[in-house]
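In what follows, a structure is listed as structure tokens, so that the remarks can point back to it.
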Amino acid sequence: MQIDMREEADITVCRIKGDVDINSSPNVRKFFENIIKEKKKKVVVDFSEVNYVDSSGLATLVEILKKMRVYGGKLKMANLSERVLGLFEITKLDKLFDIVNGEAVKNFE
Amino acid sequence: MNKFDAEKDEVVIEVKDLVRKFGDRVVLNGINIKIRKGEIFVIMGGSGCGKSTLLRHIIGNLKPTSGQIFLMGKDIASAEEAALNEIRKKIGMSFQSSALFDSMTVGENVSLPLREHTKLNKNVIEIMVKMKLELVGLRGFEDLLPSEISGGMKKRVGLARAIAMDPQIVFYDEPTAGLDPIMSSVIDKLIVDLSNKLSMTSVVVTHDMKSVMAIADRIAMLYEGRVLEIGTPDEIKNSKNPLVKQFINGSFDGPISFFQEKEDYLDQLTG
């Protein structure tokens, strides 16, 4: 699994490549430590190259959201495949996260 | 219609010509079973038919006298302990007795495999525990001790622990034993729900006929260490095999004998 990050105006886009599972989710957590430290306010996680997220990956994303909420940061999940969206839905996390596609990615208002 | 197609579906467990003897006694006598990915496969049979022994072979706890067992493509009968442990991380096991640690809270019991086998952060594990307990309908119970919850709830905690590591296959040993009919139905529904939602393969060992018919995609009927028949619930229900029929109907009369011959008994007393 790899993550690359780019800034688009005031939005931080983190693109994950590969599966987010028990082996890789500690790396996702570590990667986001910096984003949280810098108090990035508008963050998008791009899942277009993710096939599978297990419950450790989902829990890691929940923890990131919790920490971002403390300083008023907003987090969006973008471009989820049907399978990955299904994994969010099983645990009702589709209701917790802002899940977006296309242009909505840029709309943080 | 059967939702599986034997030709195209992936086999995740294959038992080939499995024989197991304890001393002179043959407990498993040439078992052949293929279990497909995503199905709920029930191993059914009366007490002492060898079904729990078969389960213990499939999960690698017992070694066969002869034959092979492939679990997710690995021959586990000949696997070393280290390789077995790696495979075991991908399977979940729900025990008959729930097997919870009395001194640990519900949450600690569910998180145990995560704390032992992963490097996940404790905050992440805490969130995972909440997610797993939600899946088994026990949200908010994490701080209670096993002694403070009912038998049915304990079974559900055992289930939450079995799925803690997101296993590909979950094994259930007599999941409804000792439960009242309503709680049995709750557990049955949970097994079906979890299996569907999490796309897991489920292998259930039971003699609870009501449960078998409610959950199984396919059933293997075991008798005296042999597979009598494998089929869908409908196929098993309509079986012409008198042994299967007797078991399905729970009748006293039939080819399955409950007593040894009179002479044997008298011989034993006087011998």
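The values are calculated or read from the model by the stated rules, or taken from the named source; none is laboratory data. Model, not experiment: these values are computed from the prediction. Glycine also receives a Cβ, built like all others from the backbone with ideal geometry; neighbour counts cover every protein chain displayed. Just the protein is used for accessible areas: all its heavy atoms, side chains included, with ligands, DNA and RNA removed. Shrake-Rupley method; radii C 1.70, N 1.55, O 1.52, S 1.80 Å.
Anything in the stretch A:90-109 that is in a helix (DSSP H, G or I) and more than 10 Å from every other protein chain (Cβ to nearest Cβ)? List them, or say none. Talk me through it step by step, then tell me what you get.
First pass over the stretch A:90-109, keeping only residues in a helix (DSSP H, G or I): A:90, A:93-95, A:102-106.
Those that are in a helix (DSSP H, G or I) and more than 10 Å from every other protein chain (Cβ to nearest Cβ): A:94, A:95, A:102, A:103, A:104, A:105, A:106.
Within the stretch B:88-121, being facing chain A (nearest Cβ under 10 Å) and under 21 Å from the mean Cα position of the chain (by Cα) holds for one residue alone: B:89. Tell me, please, whether a residue that is over 16 Å from residue B:90 (Cα atoms) and either part of a helix (DSSP H, G or I) or among the β-branched types (Val, Ile, Thr) (or both) can be found in the stretch B:159-175. So far as the stretch B:159-175 goes, no, none of its residues is over 16 Å from residue B:90 (Cα atoms) and either part of a helix (DSSP H, G or I) or among the β-branched types (Val, Ile, Thr) (or both).
Here is a list: B:136, B:204, B:124, B:170. Which entry is open to solvent by less than 10 Å² (accessible area, probe 1.4 Å), over 26 Å from residue B:56 (Cα atoms) and either in contact with a Lys or Arg (Cβ under 9 Å, 6 or more places away or on another chain) or more than 12 Å from chain A (Cβ to nearest Cβ) (or both)? Steps first, please.
Values: B:136 fails: over 26 Å from residue B:56 (Cα atoms); B:204 fails: over 26 Å from residue B:56 (Cα atoms); B:170 fails: over 26 Å from residue B:56 (Cα atoms).
Result of the check over B:136, B:204, B:124, B:170: B:124.
Within the stretch B:191-240, can you find the residues that are assigned to a strand (DSSP E or B) and touching a Pro at 6+ places or on another chain (Cβ under 8 Å)?
B:204, B:206, B:219, listed by residue number.
Within the option set B:247, B:259, being aromatic (Phe, Trp, Tyr), surrounded by fewer than 16 Cβ atoms within 10 Å (Cβ to Cβ) and at pLDDT below 85 holds for one residue only, B:259.
Could you go through the stretch A:2-13 and let me know if any residue there is closer than 27 Å to residue B:135 by Cβ and open to solvent by 50 Å² or more (accessible area, probe 1.4 Å). The answer is no; no qualifying residue exists.
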